[in-house]
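This report refers to the structure that appears directly beneath it.
The values are calculated or read from the model by the stated rules, or taken from the named source; none is laboratory data. Here the structure is a predicted model, which means the values were calculated and not measured. Don't worry about glycine lacking a Cβ; one is built from the backbone with ideal geometry, like all the others, and counts go over all protein chains shown. We work out accessible area using only protein heavy atoms, side chains counted, and drop any ligands, DNA or RNA first. Shrake-Rupley method; radii C 1.70, N 1.55, O 1.52, S 1.80 Å.
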Amino acid sequence: MAEKTMALKLLIDTERNRVLFADAGKEVVDFIFGLLALPLGSIVKVLGQDQMIGSIGSIYSSLTTLDSSYMHLGLKKDILLNPNLQSHCQNNVFLLPAPAPAKVDTYYSCSCSKYGSEVYGISCPSCKRIIGNETRLLHESEQVLKRNEVGGYVKDMVTYTLMDDLSVMPMSSISIITLLNKFSIKDLNVVKEQTVEVGMKEAVEMLKASLDSKTVLTDVFLTSRV
């Protein structure tokens, strides 16, 4: 099965070897905004512990090696290591490799049936009895998931301007002229258009660069390909 990709049209300043901005469609913008919905555990899973800046990778690693007997009331480590993505999030970051879902199929309910929990033995906030009646989670049907595949975050039939730092705005001729003036572009001959394909590799690189760079498009599509 061929890898799904998205087209992104870059406007490049060839003198300074930098991306000024890009023309982006709905799919690209949905992907960019969808990064905000990723749980931190999923980001570590996608990038790898050694790629994380700071100490988050160490936290992830320590939980991985921690014996399950230390988890409070039988809480499963997988809930943090492989957090479930909401269906809208899965659909809008489709280029990124999806982490394995947390293996939590057994839940517990109280006799008053007002509250449920993934953890056995805690007190019900309503009747104060122990939440301990085992029940099974009924997963969403394929039809429900299919309905969620269409939608995303932004409207279709609109072209968006995607800046080098991944900020987004609706495109207009006035905004383009303003941006060219902002970048002090006097000679249009130094500017060229280049269409690139964004696949899984580029998506992971964009996610990684977005965590520590203000020049994501330049870093991913120019610097890394020199």
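Overview of values
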{"item": "Extension reserve of the E193-E3 stretch, reckoned as 0.36 nm per residue once the Cα distance is removed", "result": "66.0 nm"}
{"item": "Solvent accessible area, Å² - M171, 1.4 Å probe, full protein context", "result": "60"}
{"item": "Two-site FRET efficiency, S173 against Q49, from Cβ-Cβ distance with R₀ of 41 Å, rounded to 0.05", "result": "0.35"}
{"item": "Around K208: net Lys/Arg minus Asp/Glu count, Cβ-Cβ under 15 Å", "result": "-3"}
{"item": "Accessible-area ranking of Y107, Y153, largest first, probe 1.4 Å", "result": "Y153, Y107"}
{"item": "Accessible-area order (highest first, 1.4 angstrom probe) of the listed residues K182, K76", "result": "K182, K76"}
{"item": "Of K76/K208; K9/K155; K4/K182; K45/K201; K4/K155; K9/K45, those spanning more than 23 Å from alpha-carbon to alpha-carbon", "result": "K76/K208; K4/K182; K9/K45"}
{"item": "Paramagnetic label zone (point 7 Å from Cα along Cα-to-C-beta, T14; backbone N under 15 Å) in region 173-215", "result": "186-195"}
